[in-house]
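Single-structure report; data block below.
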Amino acid sequence: MGFVFQQFIDAAPIYACVECRAHIARRDSIISRTFQGRHGRAYLTEAVVNERLGKDEDRLLMTGLHTVCDLYCRCCDTVLGWKYVRAYDKSQRYKEGRYVLEQSQIFAIEQFQSHISISSLPTRTSLLVASPPSLDRVLSRFMRDIGIHPGESMLSR
């Protein structure tokens, strides 16, 4: 696995991955907020960034048979929803090429601060809302990917 380059959306409000805070979609790209996902409510959107798509497969969804592929966060591999590849029913063709984002897998970032002053921040959490993943999280994921577990000494290998 190589280094993952993230795309950042420069205008708020946006939606980000709940696991790693990678930017996923602009709020104004949401077409419908009334969709149902595997784990509850979901949004239909026309564009996403920082995505990785799974293999195409036919699924029988609430609105009929569709060819879809799972939508993953490119940065942490969390399943965010799916992409409609093909709709077999003519009335559902408007979904083709669009994405479903599960609300349980994303969160909203309402605004950015272009110049952050530590003294102007009331709490540490306000800094974390729009920041990219921490170095600790990235390093621990890298170590897990290469087979080193927390607390394990590299000398004992």
Query - Tyr72, sole failed condition from (1) open to solvent by 20 Å² or more (accessible area, probe 1.4 Å); (2) modelled with pLDDT of 95 or more; (3) over 23 Å from Arg93 (Cβ atoms); (4) in contact with a Phe, Trp or Tyr (Cβ under 7 Å, 6 or more places away or on another chain) - result: (4)
Requested in this report: Being touching a Pro at 6+ places or on another chain (Cβ under 7 Å) and either basic (Lys, Arg) or surrounded by fewer than 17 Cβ atoms within 10 Å (Cβ to Cβ) (or both) is the filter; apply it to the range 4-23 and report the residue that is nearest to Gln103 (Cα to Cα).
Outcome: Arg21
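Would you check which residues across the range 74-101 are outside any loop (DSSP other than H, G, I, E, B) and within 9 Å of the chain's Cα centre (by Cα) and list them?
From the range 74-101, those outside any loop (DSSP other than H, G, I, E, B) are 79-87, 90-95, 99-101; that's our starting set.
Result: Val79, Leu80, Gly81, Leu101.
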Query - Complete set of residues in the range 20-73 that are of a type in the set (Phe, Trp, Tyr) and under 12 Å from the mean Cα position of the chain (by Cα) - result: Tyr72
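Only one residue in Arg38, Arg59, Arg26, Arg86 is under 24 Å from Gln111 (Cβ atoms), open to solvent by 30 Å² or more (accessible area, probe 1.4 Å) and in contact with a strand residue (DSSP E or B) (Cβ under 9 Å, 6 or more places away or on another chain). Which one?
Numbers: Arg38 fails: under 24 Å from Gln111 (Cβ atoms); Arg59 fails: under 24 Å from Gln111 (Cβ atoms); Arg86 fails: under 24 Å from Gln111 (Cβ atoms).
After ruling out the rest, the residue left standing is Arg26.
The values are calculated or read from the model by the stated rules, or taken from the named source; none is laboratory data. As the structure is a computational prediction, the values presented were derived from the model and not from experiment. So basically every Cβ, Gly included, is an ideal-geometry build from the backbone, and we count neighbours across all protein chains shown. Remember, those area values only see protein heavy atoms, side chains included, never the ligands or the DNA or RNA. Shrake-Rupley method; radii C 1.70, N 1.55, O 1.52, S 1.80 Å.
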